[in-house]
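Participant: Before I ask anything, here is the structure I am working with.
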Amino acid sequence: MTKLALPLALGLVAFSAAAHAQVPPGYPADYAAVIDAAKKEGKVVVYGTTDAAAANFLVKDFEAAYGIKVEYNDLNSTELYNRFIAEAAAGQGTADVTWSSAPDLQVKLVNDGYAATYKSPEAASVPSWANYKDTAFGTTYEAVTFVYNKRLVPEGDVPKNHADLLKLLTSKPDAYKGKVTAYDPERSGVGYLFFTQDDLAWNQAWDLFKAFGKTEIKLYTSAGAMIERVTSGEHLIGYGIFGSYALTRSKKDPNLGIVLPNDYTLIATRVAFLSSKAKNPNAGKLFLDYLLSKRGQTIIANEAELYSLRDDVQGEATVAKVKAQVGDKVRPIQINNDLAGNLEATKRLKFLKQWQGALKGN
Amino acid sequence: MADLVIENVKLRYGSIDILKGVSLSVERGQIVALLGPSGSGKTTLLRCVAGLEEPHDGRIAIAGKTLFDGSKGVALAPEERGLGLVFQSYALWPHKTVFANVAYPLKLRGVSGGDIRARVARALDSIGIGHLAERFPHQLSGGQQQRVALARALVYEPPVILLDEPLSNLDAKLREEARVWLRQLISDLGLSALCVTHDQVEAMAMADRILLLNGGLVEQQGTPEEMYQRPASLFAAEFMGANNRLPGKAAGVREGRASLVFGDQRLDGVACGPLAEGEEAYGVVRLERVRMADGPGPNRLRMALTSEMYLGERYELVFKRDDLLVRTFATAKLPGGEHWLEFPPDALWVAARS
Amino acid sequence: MPFALFRFATLAIMASAVLAPIGLIVYQSFLDAPFFSPNVHFSLDAFQFVLEDEDFWTALSTSVIVAAGMTAISVPLGVVLAFLMARTDVPGKWLLEPLVLVPIFMSAVVLAFGYVVALGPVGIVSTFVKGLIGVVPWSIYSVTAITIIAGLTHVPHVYLYTSAALRNVGADLEEAARTTGASPWWVAVSVSLPMVTPAVLYAAVLIFFLGFELFGLPLVLGDPEGILVLATYLYKLTNKLGVPSYQLMAVVVVAIILIAIPLVWLQRVLLASSNKYVSVGGKAAKRAPLKLGALRWPAFCLIVLWFAVSVGLPVFGIALRSVVTTWGEGVRLSEVLTLAHYRDLVDYPNAIHAIVNTVLIGTIGGAASVACYTAVALAMHRWQSGMVRIADYLVMIPRAMPGIVAGLAMLWLFLFIKPLAPFRSTLFSVWLAYTIVWLAYGTRLVSGTMLQIGRELEEAGRSVGGSQGRVARDVTLPLVRGGILAAWLLVFLIFVREYSTGVYLLGPGTEVIGSLMVSLWGTGAIDLVSALSVINILIISAGLGLALRLGVRLHG
């Protein structure tokens, strides 16, 4: 029966799609052509760093909306980069859309010509800091937070901002010796990004880094390792943790406290672009637009819990929720050419050397 | 006509020469024994014939068909030689029944199922193990295993059968029976056989001709009688039987005769191998050829009886005189003390110590 | 097909399967950019950079220390274990025999995380001990701890080689020593041990080499203190420069290959000398085990203690983590028990798919791989040829690629070798990658059992008229059936825990448990990671149990 039913079902989908190629409200009329072409392509290949569980909400909703299959590949940001450039060079099929939490690598890919410029009908709803040359777009609004162990950190010690943390570490170095954790900028791209942003955002950043050194901060390469060790009490405070991960975990484990620092809160975003080598460019456009659309962003806010970027989205993980805590102290990490500069070896090695020095107290 | 011809076969492992140029031929219906101490190259030679080792020079042919020719680069694979080989360990396949072991060569030759059953049954029956067909090798005694190995090598009627120490894994009593039986079987079937052994009694009992190997070279070859009675060297003389060895010097070497001189004694004998006057030499005499004598005389020595062993059908006696020990047999017990022993001149070989 | 043709074809296929990824890596090490980029030049800069990088030398020296240390720990323990199991009347052998091999099959990352939960600074055992004596007298985030744990978990390798060798020592040799008046223990030390020394040394060289490719343990346990070994240095190297520098990674792999080559040479020498010691089949196969007397139970306890530390503790840790919402200092475990993680796992997209794929790759893929390994072993079997020597090095070389590099190399192969391209996003590509990386292991397993067949059994087949191919089919293969089944089981167990090799080849529909775990680990979903680990362990145990039930014997 399946032999017969499958083509039949596909035929039905194709037919109904052809009949009702409806353009979302506010989109130009010729968008119908994109939708029709996308349906002909039938699928879209996405490489993302968002874990499959969170991404799946979007995938399912997108498939329901357009009847176009999403092949979602869950990779880490380095794997994504490696795989994408090799496949592009081989001229074989690769991602139609890449969606990565490493904005610097994404900007580099754009600069190296791997991305297609695309005037998204949703571009107007994307804040300018998250739009790179109408090619790469930020899709989420993820606060970089402190996490702490509610069982073991006394209420009075909980740092409300970076300055608090600096004070805590300098006033109680013994109590927090070996108890603070962060991404290792030497071994993790995210860590490097966050620490360089701190350097730009705050004139006392290096004092904090030196305090980290004095309290023998423990540096890790993955959020999982850090959050797990903070909730277990092996460490007490985690510095520079994606708010989305922390939120998901805190729902399961009430011991995890989250702080959005009220002097400045870095906002990271997952950057997506359309591949210039896309085999399914129309489906790719459709998916990119969907990610930025109100419908997609509502899923991001309420189901994937990655924090929506759009002001007009209601729900749990939204810009409004972040601003309710820190007001205008948000400091989005700009998606611009400076990020590509982060990847220059000499600049990077210089920063890391300075960082090493700070940890040693120089 | 010669069934198997081996010409000047040489084989080397690394820098060690195992065979230094061995030639022999086996006539149709003959059993030839390859005799020699361990390390003499006899098993290697057999494996060369079977195709399991590749010599670097020489020629091997069967019934006119060349199996190996070093100069022409011919070297047939073992399976192309059509020989029968019985391994020392029997090498029965543990995962196959007796029937399957024996049937395998026929299967390889594309014999039909019915014929296979008939021929295997005939082969097994002819060697008296027809009732064991469904057993596995590990369920058989050593003697039974040997018969299966033989049946497997004979079932496809090879012109020549190669036997590698076929009896060495049997116990002494069984071995003597098997020897008779094996010889009978081979001559009944009209086969030619090449048989490796280190036991000269076995070689003499089974073979029409013996090839004595020493250090990769043929020391001597001939019928069992020639080999036993007319050894061409000290090595052959000593290897072929149970001997007494008397040290001394050679004297009176001429026309195939020589004497052994030691102390003030002189024993006349037969020169064995190249021998120079006055050279350090041994006198070699078979145990059973030393005779008890009733008094002094030529070629006689007076020696003291030191011990006596009862062997059932006879006694073995040990005599001593200074450093010299001599063993011999007697049919009756002997009184202790000194006795006269005679070394018959035609039974005493005088050979150079090499 | 003539056997010679089979032989050359098999070895040619094997050689190209090995040389393609390795050649690509070596080639890459001499370039200044990814080999596929348009502007690429020959350059030695990568060598210069790595050789001038302090971290490289730190990582190299740590690797040497860990490799040497774990060898020093696992070799004596493995020998003692093998002796107890093969020669004495230690109780509970039927239970211990399959158990002692378990550490080989545990994913190192899972093991390491299990240790964190059990023995970490606020681990369950640690807090208990702290409650008793006020301090935790150990730290598992140190080179010492990594070395000890690696040593303990590599004991089974030594055990496997030594016990096989011990079984080959003729009973008559030991009995001869007994009759001359030596006590059982003196026999063990003065006769049995020297006889198996080449095998033990062989295993020691193997362990030392495995020390260089250690990844999971140092990744998790070395993380907090930033301890680097060669394999984790690769990660740091990638990040330090911002973008992955394949030429630098390639240089590190070249360095590991350069370490591996003399080790393979050493193994060949040892193997040759061990052949001298093989005492050909004594009749007395049955021998009475040595009576341990009063030491019986202490010996049993020693084995159980080793097992508890190297498997029991971490598995306990991981299993516990999978049924609690949180843990650590100040948590009453009875209040946080939950089965929610397993429920979440069922809902997790592709989790079921991944479990199914993992089992498929282990069973069907494992069987196909063993078929390949058997072909290679047959092709090399009893062949006096220089080709065999080269092949011996070839099979070992893929082990010199740490998983992440191997994975990348495999992706490149499937991308840039056109005939392979259609298979890229199928399970076949993952299977091929696994098969190549585990070539050395699998081929040794099969060729080891082939060498145990009496040479004369095969010669008998030839002499009655069987061609080489026929004899291989009718004699050699049926006789090693048991060994091949055992190899299948071992390969199944290894494939079930493997992932890094296939990381770039996996896509929607081809996930495996290992890849899911890595991605979940990255986002902090340790709950699901631990639940998945437990399921992975259950699959492994089920495979092991089923195989043993069906009569597969893991060793001779």
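The values are calculated or read from the model by the stated rules, or taken from the named source; none is laboratory data. Remember, it's a predicted structure, so these values are computed and weren't measured experimentally. Because the Cβ atoms are built from the backbone with ideal geometry, glycine has one as well, and the counts that use them run over all protein chains shown. SASA here: full protein model, heavy atoms, side chains in, ligands and nucleic acids out. Shrake-Rupley method; radii C 1.70, N 1.55, O 1.52, S 1.80 Å.
Participant: How much accessible surface area, in Å² rounded to 10, belongs to the heavy atoms of B:E157 with a 1.4 Å probe?
Facilitator: Surface open to solvent at B:E157 totals about 130 Å².
Participant: Could you tell me the accessible area of C:V346 in Å² (1.4 Å probe, neighbours in place), rounded to the nearest ten?
Facilitator: C:V346 has an accessible surface of roughly 90 Å² with all protein chains in place.
Participant: Place +1 on the Cβ of every Lys and Arg and -1 on the Cβ of every Asp and Glu in chain A, take the dipole about the Cα centre, and give the residue among A:L200, A:G26, A:G296 whose Cα lies farthest towards its positive end.
Facilitator: Value computed over the given set: A:L200.
Participant: Could I ask something else about it? Between B:R245 and B:D57, what is the label-to-label distance in nm when each label sits 7 Å out along the Cα-to-Cβ direction?
Facilitator: For B:R245 paired with B:D57, the spin-label model returns 3.2 nm.
Participant: To the nearest 10 degrees, how steeply does helix B:142-154 sit against the main Cα axis of chain B, on a 0 to 90 scale?
Facilitator: Value to nearest ten degrees: 60.
Participant: Identify the residues of region B:302-318 with backbone N under 15 Å of a label point that sits 7 angstrom from the Cα of B:Q265 along the Cα-to-Cβ direction, or state none.
Facilitator: Within reach of a label on B:Q265: B:302-306, B:318.
Participant: Once amide H atoms are built 1.01 Å from N in the peptide plane, which residues 5 or more positions from A:N76, or in another chain, come under 5 Å H to H?
Facilitator: Distant-sequence amide H within range of A:N76: zero hits.
Participant: Can you give the angle from 0 to 90° between the axis of helix A:243-252 and the longest principal axis of chain A, with both taken from C-alpha atoms, to the nearest 10?
Facilitator: 90 degrees
Participant: By per-residue mean of other Cβ atoms within 10 Å, what is the highest-first order of C:4-14, B:85-95, A:101-111, A:127-137?
Facilitator: Highest to lowest by the protection proxy: A:101-111, B:85-95, A:127-137, C:4-14.
Participant: Counting only heavy atoms of the protein chains, get the accessible area per residue of region C:55-227 (1.4 Å probe) and round it to a whole Å² value.
Facilitator: In whole numbers, region C:55-227 has 34 Å² accessible per residue.
Participant: Another question about this same structure. Hey, any idea what % of the protein assembly as shown's accessible area is carbon plus sulfur with a 1.4 Å probe?
Facilitator: 60 percent
Participant: What pairs in A:K60/C:K418; A:K360/C:K240; A:K108/A:K294 have C-alpha atoms more than 25 Å from each other?
Facilitator: From A:K60/C:K418; A:K360/C:K240; A:K108/A:K294, over 25 Å: A:K60/C:K418; A:K108/A:K294.
Participant: Another one. Order C:W94, A:W202, C:W186 by their accessible area, 1.4 angstrom probe, all chains in place, largest first.
Facilitator: Reading off the accessible areas and sorting them downward yields C:W94, C:W186, A:W202.
Participant: Moving on to the next point. Translational D (Stokes-Einstein, µm²/s) of region B:1-133 at 10 °C and 1.306 mPa s when Rh comes from the Kirkwood sum over C-alpha pairs? Write out the running numbers ahead of the final one.
Facilitator: Numbers: Rh = 16.8 Å.
Taking Rh from Cα pairs, D becomes 94 µm²/s.
Participant: Can you list residues from other chains, or at least 5 along the same chain, whose modelled amide H is less than 5 Å from the amide H of A:S275?
Facilitator: Close amide H contacts, sequence-distant or interchain: A:V97, A:T98, A:A116.
Participant: Hey, what do the phi angles of region B:158-167 turn into as Karplus ³J(HN,Hα) couplings, whole Hz, using 6.51/-1.76/1.60 and θ = phi - 60°, x for Gly and Pro?
Facilitator: 3J(HN,Hα) across region B:158-167, in whole Hz: x, x, 10, 10, 10, 10, 9, 6, x, 10.
Participant: Could you work out the local net charge near A:D61, counting Lys and Arg as +1, Asp and Glu as -1, over the other residues with Cβ closer than 14 Å to its Cβ? Display every interim value, and only then the final one.
Facilitator: Details: positive: A:K60, A:K69, A:K294, A:R295; negative: A:E63, A:D289, A:E303.
Residues near A:D61 contribute +1 overall.
Participant: Top to bottom by accessible area (1.4 Å), largest first, where do C:K236, A:K321, C:K291 land?
Facilitator: Listed by decreasing accessible area, they come as C:K291, A:K321, C:K236.
Participant: While we're here: Name the residues of region B:43-90 whose accessible area falls by at least 30 Å² when all protein chains are present instead of the chain alone, probe 1.4 Å?
Facilitator: B:R47, B:L52, B:P78, B:E79, B:F87
Participant: Can you give the FRET efficiency to the nearest 0.05 for B:K65 and B:S187, using r as the Cβ-Cβ distance and R₀ = 22 Å?
Facilitator: Approximately 0.40, to the nearest 0.05.
Participant: With every protein chain present, what is the per residue accessible area of region C:407-556 (1.4 Å probe, Å²)? Kindly include the intermediate steps, with their values, before the conclusion.
Facilitator: Details: 4820 Å² over 150 residues.
On a per-residue basis, region C:407-556 sits at 32 Å².
Participant: With the contact rule set at Cα under 8 Å and sequence spacing of 6 or more, what percent relative contact order holds for chain A? List each step's numbers first, then the result.
Facilitator: Values: 656 pairs, mean separation 91.3, N = 362.
That works out to 25 percent.
Participant: How far apart, in nm, are the 7 Å Cα→Cβ label points at B:S168 and C:W383?
Facilitator: Going from the B:S168 label point to the C:W383 one covers 3.1 nm.
Participant: Another question about this same structure. How far is helix A:189-201 tilted, in degrees, relative to the longest principal axis of the Cα atoms in chain A, given as a value from 0 to 90 rounded to the nearest 10?
Facilitator: For helix A:189-201, the angle is close to 60 degrees.
Participant: Pick out, in residue order, every one of the GluC sites (Glu not before Pro) in region A:300-362 that is DSSP loop and has at most 16 other C-beta atoms within 10 Å; say none if there are none. List each step's numbers first, then the result.
Facilitator: Values: sites: A:E303, A:E305, A:E316, A:E344; in loops: A:E303, A:E305, A:E316, A:E344.
Of the GluC sites (Glu not before Pro), the ones in loops of region A:300-362 whose Cβ has at most 16 other Cβ atoms within 10 Å are A:E316, A:E344.
Participant: Counting Lys +1, Arg +1, Asp -1, Glu -1, what net charge surrounds B:L67 among other residues with beta carbon under 15 Å of its beta carbon? Could the numbers behind the result be given before it?
Facilitator: Working: positive: B:R47, B:R59, B:K65, B:K72, B:R81, C:R462; negative: B:D3, B:E7, B:E53, B:E54, B:D57, B:D69, B:E79, B:E80.
Around B:L67, the charge tally is -2.
Participant: On to the next question. Within the set of other residues whose C-beta is less than 13 Å from the C-beta of C:L506, count the net charge using Lys and Arg as +1 and Asp and Glu as -1.
Facilitator: In short, -3.
Participant: If you don't mind, another one. Quick one: go through region B:1-44 and flag any residue whose amide nitrogen is under 17 Å from the point 7 Å out along the Cα-to-Cβ line of B:V201.
Facilitator: The answer is B:36.
Participant: Tell me the per residue accessible area of chain B using a 1.4 Å probe; a whole number in Å² is fine.
Facilitator: Solvent-accessible surface per residue comes out at 44 Å².
Participant: Keeping all protein chains in the complex and leaving out DNA, RNA and ligands, what accessible area do you get for B:R245 with a 1.4 Å probe, in Å² to the nearest 10?
Facilitator: Taking all protein chains as shown, B:R245 has close to 110 Å².
Participant: Another question, then. With +1 assigned to the C-beta of every Lys and Arg and -1 to the C-beta of every Asp and Glu, and no other charges, what is the dipole magnitude of the protein assembly as shown about the Cα centre in debye, to the nearest 20?
Facilitator: With Lys and Arg at +1 and Asp and Glu at -1, about 1240 debye.
Participant: Also, I was wondering about something else. Could you give me the ³J(HN,Hα) list for region B:207-218, computed from phi with Karplus coefficients 6.51, -1.76, 1.60 and θ = phi - 60°, whole Hz, x at Gly and Pro?
Facilitator: Using θ = phi - 60°, the values come out as 9, 7, 9, 10, 10, 9, 9, 8, x, x, 10, 7 Hz.
Participant: Anything losing 40 Å² or more of accessible area from the isolated chain to the full protein assembly: pick those residues out of region C:412-429, probe 1.4 Å, ligands and DNA/RNA ignored.
Facilitator: Residues shielded by partner chains are C:L415, C:R424.
Participant: With each run of n ≥ 4 DSSP H residues scored as -39500 (n - 2.57), what mean residue ellipticity at 222 nm is computed for the protein assembly as shown after dividing by its residue count and rounding to the nearest 500 deg cm²/dmol?
Facilitator: -15500 deg cm²/dmol
Participant: Sticking with this structure for a sec: Output the relative contact order of chain C, whole-number percent, from Cα pairs under 8 angstrom with separation of 6+ residues.
Facilitator: Relative contact order comes out at 21 percent.
Participant: Now for a different question. Give me the distance between the Cα centres of region B:30-61 and region B:105-131, rounded to whole Å.
Facilitator: Answer, in whole Å: 29.
Participant: Taking both sides together, what accessible area is buried at the C/B interface, probe 1.4 Å, expressed in Å² and rounded to the nearest 100?
Facilitator: On the way: alone 24670 and 16500 Å², together 39390 Å².
Summing both chains' loss of accessible area gives about 1800 Å².
Participant: Can you give me the long-range amide H partners of B:N214? Hydrogens built in the peptide plane at 1.01 Å from N, cutoff under 5 Å, separation of 5 or more residues or another chain.
Facilitator: Under 5 Å from the amide H of B:N214: B:E219.
Participant: For region A:60-138 and region C:1-80, what is the separation of their Cα centres, given in Å?
Facilitator: When both Cα centres are located, 33 Å separates them.
Participant: One quarter of the convex hull surface, Cα atoms only: what value does that give for chain A in nm²?
Facilitator: 19.4 nm²
Participant: Quick one: order C:S429, A:S276 from most to least accessible surface, probe 1.4 Å.
Facilitator: If we order C:S429, A:S276 from most to least accessible, we get A:S276, C:S429.
Participant: Take each uninterrupted DSSP H stretch in chain C, measure its Cα extent along the helix axis, and return the ones at 27 Å or beyond whose mean Kyte-Doolittle hydropathy is at least 0.0.
Facilitator: Details: long enough: C:3-29 (38 Å, 1.65); C:54-87 (49 Å, 1.36); C:193-212 (28 Å, 2.12); C:246-277 (46 Å, 1.55); C:526-549 (34 Å, 1.85).
Helices meeting the criterion: C:3-29, C:54-87, C:193-212, C:246-277, C:526-549.
Participant: Could you work out how much longer the chain between C:A308 and C:L546 gets when fully extended? Use 0.36 nm per residue separation minus the Cα distance between them, nm to one decimal.
Facilitator: Using 0.36 nm per residue and subtracting the Cα-Cα distance, I get 83.4 nm.
Participant: State, in square angstrom and to the nearest 100, the accessible area buried between chains C and A, both chains counted, probe radius 1.4 Å.
Facilitator: 4600 Å²
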